[in-house]
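Report on one structure; see the data block that follows.
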Amino acid sequence: MNFETVIGLETHAQLQTESKMFCSCPTKFGNDPNSNICPVCTGQPGSLPVINEKAIRLAVKTALALNCKINNESVFARKNYFYPDLPKDYQISQFEMPLAEHGYLEIEVGGQIRKIGITRVHLEEDAGKLVHKGSAGIKGADYSLVDLNRTGTPLMEIVSEPDIRTPEEARIFMEELAHILRYLEVCDAKLEEGSMRCDANISIRETGETKLGVKTELKNMNSFKAVQKALEKEETRQKEVVSEGGKIFQQTLLYDEATSSVHPMRSKEGSHDYRYFPDPDLLPLYVDEKTIEEVRSSAGELPMDKFKRFLSQYGIPGQDITVLIESRHTADFFEETAKISGEPKLSANWIIGDVSAYLNANDLSLKDSKLSAAALSELITLVKNSTVSGNSAKKILGEMMKTGKKAKELVEAMGATQISDEAALVEIAKKVVAANPQSVEAYKNGKEAAIKHLIGQAMKETKGRANPQVIEGLIKKELC
Amino acid sequence: MSLHKLTAHELSDKLKSKDISCVELINDVYNRIDSVESKIDAFNCLTKEAAIKKAKELDNKGFSGGLSGIPIAIKDNICTEGTKTTCSSKILENFVPPYNATVVELLQSEGMIPIGKTNLDEFAMGSSTENSAFKTTKNPWDIQRVPGGSSGGSAAAVAADEAPLALGSDTGGSIRQPASFCGVVGLKPTYGRVSRYGLVAFASSLDQIGPLTKDVTDAALLMNVIAKYDRRDSTSADVATPDYRKALIKDVKGLKIAVPKELMGEGIEENTKKAILEALKIYEKMGATFKEISLPSLKFALATYYIIAPAEASSNLSRYDGVHYGHRSDKQNDLMDMYLNTRKEGFGPEVKRRIIIGTYALSSGYYDAYYLKAQKVRTLIKQDFDNTFKDFDVVMSPTCPSPAFKVGEKVSDPLSMYLSDIATIPINLAGIPAISIPCGFDNDLPVGLQIMGKAFDEETLFRVAFSYEQETRWDKRKPAL
């Protein structure tokens with residue numbers, strides 16, 4: 001029997017707002033438990049929610065990037081269930097009338113473009129955090145503590161159509177989605193840290209069948225790789241079960257990263273009836289066309305369009321563009337540097353190479369570093385007109401990023417100006433040739449490479465400041 | 001001087017002219033409470049110390065007019081920072097809110113003096129205060145009888161001269177019905193007129209805070225303080241608030257009154273009907289006209305209300321789970337145990353009944369048949385009123401089908417209890433304002449006239465109510481306590 005796999009993904013993304021979804025408490029993490037709280041997010045009797053407009057704008061921006069139709073009127077509903085991390089014992093979410101619907105996301109799989117449908121994008125509030133003493137879960141714990149700092153943090157839920165056909169596609173979809181969210185500065189999209197979470201529905205059916213098979217739901221996938229791995233495991237399991245004449249039962253499975261396996265979640269007591277109904281504390285949300293247009297124009301060019309433009313405008317390799325457009329800030333930084341320096345390729349090389357290396361080593365983002373596009377352009381120009389050597393420039397860049405000082409300033413202060421003057425270098429050339437008879441001998445015997453050693457010695461003498469071309473010429477003259 | 005007998009606007013004049021000091025006034029009010037409270041049981045708690053401190057401050061500072069320096073009783077489902085807010089429920093018996101309701105902030109910035117929290121039916125669910133977990137408030141006109149509910153404590157406190165003013169809340173008649181039973185003035189403002197922030201929610205789409213006062217002028221003055229757009233309540237309406245005092249004009253010439261026959265027929269006691277007809281004749285004498293009309297959707301109002309209100313309540317009351325605040329059962333072997341026992345011990349029978357009804361109405365498979373259908377009927381009721389106001393200025397009816405009933409009379413029959421709100425419930429469903437004013441007596445028990453108006457047109461209600469009050473002065477009659 002030939003099987004086709006059907007996968008749909010539900011993603012939750014924490015929005016990068018200053019304040020919570022329905023109150024003005026900060027969304028900052030890492031504070032003492034229960035310090036970012038107020039009557040509203042702790043569900044005090046009589047408190048009322050007020051919608052965070054920034055969150056709406058971020059969600060609209062995302063929905064537009066996902067080619068969705070924005071509903072001018074959407075409704076917040078209450079999802080009722082009891083749990084200690086949910087102080088009101090209902091979550092404010094959207095149910096029947098979400099903020100946006102009917103979109104798609106294009107992904108590239110094996111050189112082919114695949115269009116994955118987006119069912120809906122909606123907003124909701126996050127729950128708090130429980131800490132259990134003496135047990136992993138609330139069952140069997142000696143006691144449990146509740147931290148409500150996270151309660152009310154804005155979450156955006158993005159639901160895909162069951163259009164995904166392989167676990168690899170699922171991973172690529174998640175990566176591309178994360179890229180868009182980061183690029184739009186909507187969410188930092190870190191699966192490992194939980195700022196983006198993913199649940200996957202998977203079923204199999206005989207090839208050619210149009211009806212959906214019985215699905216299982218996968219949770220607890222904390223990396224892009226894990227998304228693919230977990231789905232592969234479950235895909236294999238379902239195929240085995242059906243091949244052996246068994247049946248798939250609807251259930252929720254947890255992925256265990258350590259053993260790379262899936263296990264059924266302990267079933268909750270009874271099935272849930274969330275008793276959704278429109279939240280009477282909130283009027284329907286109106287997003288007018290003017291707001292949508294404002295958000296659309298502020299969102300600017302999307303990654304996919306930017307990719308195509310960079311390819312034709314700058315002629316740099318696709319791999320490099322992918323890195324440059326990882327964030328909007330980096331892409332803008334690149335374009336500005338390219339414009340000022342007039343050297344797109346060199347600009348790309350510096351940003352992808354030494355700038356990124358410095359940022360990674362210091363756990364910084366380009367935004368947080370002290371490097372400006374103008375400063376980097378200046379450095380590129382200094383290298384281009386041979387004022388500094390490539391090697392010195394690398395050191396200078398590090399200093400620039402650390403202190404925010406200008407390249408010229410540093411070059412002078414470090415005495416790193418390149419020496420290109422033949423008169424200043426001829427003595428050095430003579431000295432090196434005299435001091436290294438072995439290399440001279442080798443060179444004269446036809447071993448071209450031996451001159452490298454001589455140049456190296458000359459560089460050492462000048463602390464790297466000698467212009468390599470000039471010194472090579474001078475040494476060659478000496479050797480004649 | 002028996003200051004407690006005076007209205008707020010009379011007291012305000014005396015404070016301004018330095019006839020009396022605020023401390024004197026507060027002491028007089030608490031003396032009155034000391035002498036009658038044992039019979040009335042209007043208050044869940046008194047805040048005498050804070051009140052006297054505040055009065056001293058004001059005496060030093062002087063009075064800006066308005067309601068500055070006037071004592072006020074606050075229904076015990078409105079959050080007061082540092083003072084218990086119990087909702088007359090065991091589950092919140094020791095709950096001290098960490099914040100003030102918006103209305104309480106507004107009272108404070110006006111310089112008014114909260115004197116205590118008044119009894120109510122648990123979580124405002126009831127029509128007699130008999131559903132209070134702590135005590136039943138008695139009607140000052142006959143202490144064998146109920147004061148009405150759920151704002152029975154507030155209405156009785158005003159009627160018994162324990163407070164010149166009180167705040168209540170009205171979800172299906174909880175201000176107007178007790179005002180009617182106790183012979184005082186009670187206004188349910190337009191939905192969205194007064195902020196609900198800090199009012200412990202019963203049914204969010206119906207709840208509204210409003211005044212209970214000795215006369216119409218006091219109601220207008222208190223509305224001047226509390227009617228204000230509030231960003232913290234998303235259902236609060238961003239419309240300008242007029243100076244309601246300016247609406248207090250005795251003039252109803254040409255006023256067109258509609259009287260729905262559905263609220264004057266079956267189930268309404270004869271003497272009540274008679275009092276209303278007499279009131280209509282007085283309006284006629286003053287130059288108004290009245291006409292009987294039919295609002296056929298009204299007969300579905302009670303059924304609609306008893307779907308929508310419990311549905312919202314079932315969700316609003318979920319938070320009382322023993323985790324974060326309020327009562328937590330000692331019997332808690334595991335989480336489910338804690339939830340079940342906490343709520344079993346903490347809620348009274350009427351609250352449980354409504355949570356069960358509401359949970360059922362929202363359940364999957366029943367939602368469309370109950371909740372959604374009820375919302376549709378609600379729209380029809382609203383349309384019926386909207387249409388009526390195309391041809392009429394106000395609608396009038398009895399506030400209640402009968403005067404105050406006896407304590408214990410309807411406790412075991414929730415349906416007959418629910419029926420006492422038949423004339424008040426449609427107004428909450430329509431979201432429009434309505435005022436209840438005294439319009440006579442049936443065997444020494446007050447009867448209330450309900451005047452309903454267009455959304456955000458409280459001014460017309462005040463003018464119409466004031467005109468009648470000036471003509472009849474029913475407000476001058478006091479219960480013999």
Helix-only CD estimate at 222 nm, as mean residue ellipticity for chain A, using -39500 (n - 2.57) per DSSP H run (n ≥ 4): -12000 deg cm²/dmol
Charge-dipole axis of the protein assembly as shown as Lys and Arg at +1 and Asp and Glu at -1 on Cβ define it, positive-most pick from A:ALA375, B:THR304, B:SER314: A:ALA375
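Hand me the trypsin sites (Lys or Arg not before Pro) from region A:317-387 located in a DSSP loop with no more than 16 other Cβ atoms within 10 Å, in residue order please. Provide the component values of the computation, followed by the final result.
Values: sites: A:ARG328, A:LYS339, A:LYS345, A:LYS367, A:LYS370, A:LYS384; in loops: A:LYS370.
Within region A:317-387, the qualifying trypsin sites (Lys or Arg not before Pro) (loop, at most 16 other Cβ atoms within 10 Å) are A:LYS370.
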DSSP beta bridge pairing in chain B, given as percent antiparallel to the nearest 5: 70
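Tell me the Kirkwood hydrodynamic radius of region A:149-195 in angstroms, computed as one over the mean inverse distance between distinct C-alpha pairs.
12.1
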Over region A:344-408: Rg over Rh, Cα atoms, Kirkwood Rh: 0.92
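If you take each beta carbon of peptide A:83-93 and count the beta carbons of other chains within 10 angstrom, what is the mean?
If you average over the peptide's residues, the count of other-chain Cβ atoms is 4.
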Degrees separating the helix A:328-341 axis from the principal Cα axis of chain A, which is the longest one: 20
Virtual spin-label span in nm between B:LYS285 and B:ASP238, 7 Å along Cα→Cβ: 4.8
Region A:1-154: radius of gyration over Cα atoms, expressed as a fraction of 2.2 N^0.38 Å: 1.25
FRET efficiency, A:HIS453 to A:GLU326 (Cβ-Cβ, R0 60 Å, nearest 0.05): 0.90
Area accessible to solvent at A:LYS430, 1.4 Å probe radius, in Å²: 90
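What does the convex hull of the alpha-carbon atoms of region A:301-413 project to on average, in nm²?
For region A:301-413, the mean projected area of the Cα convex hull comes to 6.6 nm².
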Around B:PRO479: net Lys/Arg minus Asp/Glu count, Cβ-Cβ under 14 Å: +4
If the convex hull is drawn through the Cα atoms of region A:20-80, its volume per residue in Å³: 130
Residues B:SER364 and A:LEU254, FRET efficiency given R0 of 25 Å [Cβ-Cβ distance, rounded to 0.05]: 0.45
With every protein chain in place, region A:3-289: carbon and sulfur % of accessible area (1.4 Å): 49
Cross-link reach list, lysines versus A:LYS219, counting only Cα pairs under 23 Å and skipping chain neighbours closer than eight places: A:LYS79, A:LYS129, A:LYS139, A:LYS190, A:LYS229, A:LYS233, A:LYS239, A:LYS247, A:LYS268
Average Cα contact separation per residue, region B:1-105, under 8 Å, 6 or more apart, as relative contact order %: 23
Peptide B:233-240, shielding by other chains (average Cβ, 10 Å cutoff): 3
Lys, Arg +1 and Asp, Glu -1 on Cβ, resulting dipole of region A:179-223 about Cα centre, debye, nearest 20: 140
Straight-distance crosslink candidates among aspartates and glutamates, where the alpha carbon sits under 14 Å from B:LYS228 and sequence neighbours closer than 8 are dropped: B:GLU105, B:GLU110, B:ASP238, B:ASP243, B:GLU458
Chymotrypsin sites (Phe, Trp or Tyr not before Pro) within region B:153-226: DSSP coil, no more than 14 neighbouring Cβ in 10 Å: none
In degrees, nearest ten, helix A:289-299 long axis to first principal axis of chain A (Cα): 30
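Just want to confirm a number: the relative contact order over chain B, from Cα pairs under 8 angstrom separated by 6+ residues, in percent.
18
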Separation in nanometres of the label points that stand 7 Å from Cα toward Cβ, at B:LYS331 and A:HIS132: 2.5
Kirkwood Rh, Cα atoms: Rg over Rh of the protein assembly as shown: 1.14
Per residue, the convex hull volume that the Cα atoms of chain B enclose (Å³): 135
Point-charge dipole on Cβ atoms (K/R +1, D/E -1) for chain A, about Cα centre, debye to 20: 1360
Region A:3-289: relative contact order as a whole-number percent, Cα under 8 Å and 6+ apart: 24
Shielding by other protein chains, A:144-151, mean Cβ within 10 Å: 1
Length released on extending from A:LEU311 to A:ALA374, taking residue separation times 0.36 nm less the Cα-Cα span: 20.4 nm
Angle between chain A longest axis and helix A:373-384 axis [Cα atoms, degrees, rounded to 10]: 30
Volume per residue of the C-alpha convex hull in region A:3-289, rounded to whole Å³: 150
Packing-based order for B:9-20, B:77-88, using average beta carbon neighbours within 10 Å, highest first: B:77-88, B:9-20
Pairs of Cα atoms farther than 21 Å apart, region B:11-92, %: 38
Efficiency of FRET between A:ASN34 and A:LYS476 - r from beta-carbon atoms, R0 51 angstrom, step 0.05: 0.10
Proximal lysine pairs, region A:395-480, alpha carbons under 14 Å, eight or more residues apart or interchain: 15
Inter-probe distance in nm under a simple model that places probes 7 Å from Cα toward Cβ, at B:ASP34 and B:LYS250: 3.9
Rule-of-thumb Rg ratio for region A:373-480 [Cα; 2.2 N^0.38 Å; N residues]: 1.22
Contour minus Cα-Cα distance for A:GLU108 and A:ARG296 (0.36 nm per residue): 65.3 nm
Along principal axes, Cα extents of region A:268-348, largest first, whole Å: 62, 39, 18
Taking only Cα atoms of region B:306-431, radius of gyration then Dmax in Å: 18.8, 63
Dimensions (Å) - region A:430-480, Cα atoms, principal axes, largest first: 29, 18, 16
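The values are calculated or read from the model by the stated rules, or taken from the named source; none is laboratory data. Fair warning: this is a prediction, and the values are worked out from it, not measured in the lab. Note: ideal-geometry Cβ built from the backbone for every residue, glycine included; neighbour counts use all protein chains shown. Side chains included, ligands, DNA and RNA excluded: accessible areas come from the protein's heavy atoms. Shrake-Rupley method; radii C 1.70, N 1.55, O 1.52, S 1.80 Å.
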